[in-house]
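Notes for the one structure printed next.
The values are calculated or read from the model by the stated rules, or taken from the named source; none is laboratory data. Treat the numbers as computed from the prediction; the structure is a model and nothing was measured. Here the Cβ is made from the backbone with ideal geometry for all residues, glycine too, and neighbour counts use every protein chain on show.
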Amino acid sequence: MVRKFPDGFYFGAATSAYQVEGGIENNDWAEEARKGTVPVCGKTAEHYTKFKQDFAIAKMLGHNAHRLSVEWARIEPVQGRFNQKEIEHYRTVLRELKSQGMEPFVTLWHFTLPDWLSKKGGVLSPSFPFVFSKYCRHVVEKLGAEADFWIIMNEPVVFASNGYNRGVWPPFKKNVLSFLRVQSSLVKAHREAYRQIKKAKEFVQVGIAKNNIDFCGGNFWSSIFAGFLRWFWNKRFLNSIRGETDFIGINFYFHKKFGDDKHHEKSDMGWDIYPAGLESVLVEAKSYEKPIYVTENGLADAKDLRRGQYIIEHVAAVEEAIKKGVDVRGYFYWSLLDNYEWAEGFGPRFGLVETDYETGKRTVRNSAEVYKHLINSVKNSR
Ligand code: BGC
């Protein structure tokens, strides 16, 4: 079969620091875990010490890129004091990726805040855009030579919604006004960070990872409502930063059709499996006229019954979008490893690779081989 992926297309997987590294005790999630409001993360997958082994697995699975994040609380444990040792740790990590033939995509902020910042009001503290952009600039100044692709923040609207509207993540607020204020603060922070990063390293590619949802309507009124939600959830943030992003990362997990009682297959989290939704959100993002990367897409599937097919169908949806002229340049499965799934703890299993949290042992799942085979078939069709 002739496949439509452009040369140099990236296939890989994604993780985030707090979810896989282990040993991080000085951020807001660790503080909440001590209070008993969220599950304890502890040593999780011990990726901080096992990264070489994990990258070797990714390489063996045919990946040519990898998305990870750096932990703000490690790098700036005290406001304004940057820890050079941690910078050197991440330098080693990024060099290891490159030496194993994988292009790093580095997220600067994936949900967790250093203690000192959350105590000052977190993202609603008036100085947030300033301290955030200073941190971003510092990291890229030091590590910009090690990676070409930098993602300023992960899923700002999910962060705002879960922490300030639904009240299920720190700081557990349920307040529509704060939900909106947080989004404005994150827009400011993103823009300022973009400018600072570009001052430090003009030629790196700087983007965002945005969770977009395939909202659909079943009739006239529900279609209007779905259109509103597409604007509010998918586009509003992107519209505000379109001048300050070189590429757009799309994280896709959700399809929501109002008035639809059709039964879809579900992941272990109860989320509908609906690959056509990925094509739809990619086509929607075409209007930004920027390169697009699917920076996350995955499912919890402890028994690994659906994951292989899920990946095949979602990658096919990416291909359909490419055929429609969308400039998609990469696909990252979430996640390389089973890891700490935030408020859900260690129950959900998203990994291509199973993690035994007791022994640290890794076991490659069958679906990881399916993905490998797919990556090879794309390579061979060129
Ligand atoms: C987040 C990840 C999370 C995944 C699965 C995304 O929203 O970026 O941190 O683990 O979804 O829920």
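Those residues that are on the phi > 0 side of the Ramachandran plot and away from the ligand (no atom under 14 Å from the Cβ), I need them from segment 334-364; list them, please.
Within segment 334-364, just GLY360 meets the criteria.
If I ask for residues that are part of a loop (DSSP other than H, G, I, E, B), away from the ligand (no atom under 16 Å from the Cβ) and within 26 Å of LYS59 (Cβ to Cβ), which ones from segment 8-32 would you list?
GLY8, PHE9, GLY23
Looking only at segment 249-265, filter to residues that are more than 14 Å from the ligand (Cβ to nearest atom) and outside any loop (DSSP other than H, G, I, E, B); which one of those is nearest to PRO348 (Cα to Cα)?
Within segment 249-265, the match that is nearest to PRO348 (Cα to Cα) is HIS255.
Out of the residues in segment 162-187 that are assigned to a helix (DSSP H, G or I) and among the aliphatic types (A, V, I, L, M), which is nearest to ILE241 (Cα to Cα)?
The selected residue is VAL187.
Considering only residues that are closer than 27 Å to VAL315 by Cβ and of a type in the set (A, V, I, L, M), which ones fall in segment 231-260?
Result: LEU238, ILE248, ILE250.
Going through LEU108, LEU124 one at a time, which residue ends up being in contact (Cβ under 8 Å) with a residue 24 or more places away in the chain and under 20 Å from the mean Cα position of the chain (by Cα)?
Checking each option against the conditions leaves just LEU108.
Which members of segment 312-329 meet the condition of being away from the ligand (no atom under 15 Å from the Cβ) and within 26 Å of ASP268 (Cβ to Cβ)?
ILE312, GLU313, VAL315, ALA316, ALA317, VAL318
Within 22 Å of the chain's Cα centre (by Cα), among the polar types (S, T, N, Q) and under 18 Å from LEU337 (Cα atoms) - does that describe any residue in segment 78-95?
Within segment 78-95, none of the residues are within 22 Å of the chain's Cα centre (by Cα), among the polar types (S, T, N, Q) and under 18 Å from LEU337 (Cα atoms).
Return yes when VAL139 is touching a Pro at 6+ places or on another chain (Cβ under 9 Å), part of a helix (DSSP H, G or I) and more than 16 Å from the ligand (Cβ to nearest atom) and no when it is not.
Answer is no for this residue.
ASP268: away from the ligand (no atom under 16 Å from the Cβ), under 30 Å from ALA30 (Cβ atoms) and not β-branched (Val, Ile, Thr), yes or no?
Judged against the criteria, ASP268 is not a match.
Being under 29 Å from VAL139 (Cβ atoms) and surrounded by fewer than 15 Cβ atoms within 10 Å (Cβ to Cβ): is that true of ASN239 here?
So ASN239 passes the test.
Given the criteria within 27 Å of GLU103 (Cβ to Cβ), surrounded by fewer than 21 Cβ atoms within 10 Å (Cβ to Cβ), modelled with pLDDT of 95 or more and of a type in the set (Lys, Arg), does LYS324 qualify?
yes
So, in segment 111-136, of the ones that are of a type in the set (Phe, Trp, Tyr) and crowded, with 19+ Cβ neighbours inside 10 Å, which residue ends up nearest to the ligand (Cβ to nearest atom)?
So, considering only residues that are of a type in the set (Phe, Trp, Tyr) and crowded, with 19+ Cβ neighbours inside 10 Å, the one nearest to the ligand (Cβ to nearest atom) is PHE111.
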